[in-house]
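The next block holds one structure in the form of structure tokens; read it before the comments.
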Amino acid sequence: MAAPDVTGFSPVTGLPAGGTLVDITGTGLSTTTGVAFGAVPATFAVLSDTRVAAVAPAQAPGTVTIALTTTGGSDTAPGVFLYLL
């Protein structure tokens with residue numbers, strides 16, 4: 001099983017209360033078993049081998065990385081997600 005390659009996500013900002021729907025793109029995403037914003041797990045749905053939709057969990061204002069885990073490994077999206085006030 002090949003490791004995932006996360007290439008991006010949109011939008012890049014959300015509210016600290018959480019609830020922002022984030023579209024994560026890349027390759028090898030069909031076997032996704034987890035998505036985390038920083039250290040906080042997120043609810044997610046696999047849409048295809050190239051797309052995963054995740055709901056940003058509640059967090060303090062600031063930036064976090066988005067990491068995705070599949071049965072083939074894990075990868076961190078380029079850039080950061082910003083929780084705005």
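Things to note:
- Members of the range 18-37 found to be buried (at least 16 other Cβ atoms within 10 Å of the Cβ) and within 18 Å of P4 (Cα to Cα), listed by number: V22, I24, T25, G26, G28, L29, S30, T32, V35, A36, F37
- Residues of the range 8-25 satisfying the condition of being in a strand (DSSP E or B), within 11 Å of the chain's Cα centre (by Cα) and not charged (D, E, K, R): G8, F9, S10, L21, V22, I24, T25
- Residues that are under 18 Å from V80 (Cβ atoms) and among the small types (G, A, S), drawn from the range 1-48: G8, S10, G14, G18, G26, A36, G38, A39, A42
- Residue in the range 62-84 that is among the polar types (S, T, N, Q), open to solvent by less than 50 Å² (accessible area, probe 1.4 Å) and not in a strand (DSSP E or B) present: no
- Single residue of T43, T65 found to be within 16 Å of G79 (Cβ to Cβ), under 10 Å from the mean Cα position of the chain (by Cα) and among the hydroxyl-bearing types (S, T, Y): T65
- Pairs with Cβ under 9 Å, 6+ apart, first in the range 8-37 and under 27 Å from G72 (Cβ atoms), second surrounded by fewer than 17 Cβ atoms within 10 Å (Cβ to Cβ) and basic (K, R): D23/R51; I24/R51; T25/R51; G26/R51; L29/R51
- Filter result for V40 (among the hydrophobic types (A, V, I, L, M, F, W, C) and open to solvent by 20 Å² or more (accessible area, probe 1.4 Å)): yes
The values are calculated or read from the model by the stated rules, or taken from the named source; none is laboratory data. These numbers were taken from a predicted model, which means no experiment stands behind them. When we count neighbours, we look across all protein chains shown, and the Cβ atoms used for this are built from the backbone with ideal geometry, even at glycine. These area figures cover heavy atoms from the full protein model, side chains too; ligands, DNA and RNA do not enter into them. Shrake-Rupley method; radii C 1.70, N 1.55, O 1.52, S 1.80 Å.
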